[in-house]
Amino acid sequence: MVEWVWRAAAEAGLMDPVVVATDSDEVAAVCRERGIPVAMTSPDCRADRIESARLPADRCDIYVNIQGDEPTLTADFFPPLLDLFRRPELR
């Protein structure tokens, strides 16, 4: 399921990089086998895993926290979501 969600996000072509953040060695190994970028986080990291995995600020404008257990996501989900960040009142 994580691969499905990662592919949907990556295929949208609007986010780069799309990285799986996990504290699970098993999830990380499966992702690496499939060529999916992984950021390992602490097992103590509960609500702020995205903060733990974030890239330097000069690499990213925004971070999108996508849960790996959202099988209904498709690439078409992301354009309207990311368009919200173009609204002037959100800058």
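The values are calculated or read from the model by the stated rules, or taken from the named source; none is laboratory data. Note that the structure is a prediction, hence the values are computed from the model and not measured. Glycine also receives a Cβ, built like all others from the backbone with ideal geometry; neighbour counts cover every protein chain displayed. Each accessible area value is taken on the protein alone, full model and side chains, heavy atoms only, with ligands, DNA and RNA left out. Shrake-Rupley method; radii C 1.70, N 1.55, O 1.52, S 1.80 Å.
A protection proxy built from the mean count of other Cβ atoms within 10 Å ranks the segments 80-89, 16-25, 33-42, most packed first, as 16-25, 33-42, 80-89. Relative contact order of the chain: 37 percent, from C-alpha pairs under 8 Å at least 6 residues apart in sequence. The structure shown yields Cα extents along the principal axes in Å, and of the options (i) 93, 25, 22; (ii) 41, 25, 21; (iii) 46, 25, 18 that calculated value carries the label (ii). So, counting K/R as plus one and D/E as minus one, what does the shell of residues with Cβ under 13 Å around ARG32 add up to? It works out to a net charge of -3. Among the protein heavy atoms of the chain, carbon and sulfur supply 51% of the accessible surface, probe 1.4 Å, non-protein parts ignored. Rounded to 0.05, the FRET efficiency of the LEU81 and ARG32 pair, given R0 = 25 Å and the Cβ-Cβ distance, is 0.35.
As a rough guide to protection, the peptides 2-14, 63-75 ranked by mean Cβ packing within 10 Å, highest first, stand as 2-14, 63-75.
In the chain, helical runs assigned H by DSSP with n ≥ 4 each contribute -39500 (n - 2.57); averaged across all residues and rounded to the nearest 500, the mean residue ellipticity at 222 nm is -8500 deg cm²/dmol.
Neighbours of GLU3, meaning other residues whose beta-carbon lies under 15 angstrom from its beta-carbon, give a summed charge of -2 when Lys and Arg score +1 and Asp and Glu score -1.
Placing pseudo-labels 7 Å out from each Cα toward the beta carbon at ASP25 and GLU3 gives an inter-label distance of 2.2 nm.
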